[in-house]
Amino acid sequence: MGIEVIFRIAAIGILAAVVCSILKQSGKDELATFVSLAAVVISLLMVLNMVADLFDTVRNLFSL
């Protein structure tokens, strides 16, 4: 689960960068901003899911 999550986040970032670049060149800056914001939100949700799993593991480890 460790390295594949990093690759997924990197892939989201690369894809968002390409799409934002294309949208900015076509003059749609507002849509490019929305795409970059969506990529950040998706990445944060992935990280938050991992943090929640970490807290569950720690809770189970110490039997809390």
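The values are calculated or read from the model by the stated rules, or taken from the named source; none is laboratory data. The shown structure was predicted, so the numbers you read here are calculated from the model rather than taken from an experiment. Note: ideal-geometry Cβ built from the backbone for every residue, glycine included; neighbour counts use all protein chains shown.
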Residue selected from the range 30-60 under the condition hydroxyl-bearing (Ser, Thr, Tyr) and more than 16 Å from Val5 (Cβ to Cβ), by the criterion surrounded by the fewest Cβ atoms within 10 Å (Cβ to Cβ): Thr33
Residues of the range 10-43 satisfying the condition of being assigned to a helix (DSSP H, G or I) and among the hydroxyl-bearing types (Ser, Thr, Tyr): Ser21, Thr33, Ser36, Ser43
Considering residues of the range 1-29 that are under 24 Å from Leu54 (Cα atoms) and among the small types (Gly, Ala, Ser) only, the residue surrounded by the fewest Cβ atoms within 10 Å (Cβ to Cβ): Gly2
Filter result for Val5 (within 12 Å of the chain's Cα centre (by Cα), part of a helix (DSSP H, G or I) and either charged (D, E, K, R) or at pLDDT below 95 (or both)): yes
